[in-house]
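What follows is a set of notes on a single structure, which appears directly below.
The values are calculated or read from the model by the stated rules, or taken from the named source; none is laboratory data. Here the structure is a predicted model, which means the values were calculated and not measured. Virtual Cβ from ideal backbone geometry, glycine too; neighbours counted across all protein chains shown.
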Ligand SMILES: [Zn+2]
């Protein structure tokens, strides 16, 4: 099996990354890159969602801790 350059049509060996004739990246390499980019963008979106969720959880726990602390202070004031 051999790979043909999309730019100049030169025949290259199957696992060649670049055309031996014109130096262009071979088509199957470009397809692989596109697939990787799609996966990377999807996973980065997931990472952003996870970060946002983490911040929401942190904010909720901070607010609830503050509310709990404030209510305890109010109860102490009422007691004394
Ligand atoms: Zn070429």
- request: For region 18-56, enumerate the residues that are modelled with pLDDT of 85 or more, within 16 Å of the ligand (Cβ to nearest atom) and either on the phi < 0 side of the Ramachandran plot or surrounded by 12 or more Cβ atoms within 10 Å (Cβ to Cβ) (or both).
  value: 18, 19, 20, 21, 22, 24, 25
- prompt: Among the residues of region 1-11 satisfying the criterion of being modelled with pLDDT under 90 and not in a loop (DSSP other than H, G, I, E, B), which is farthest from the ligand (Cβ to nearest atom)?
  reply: 2
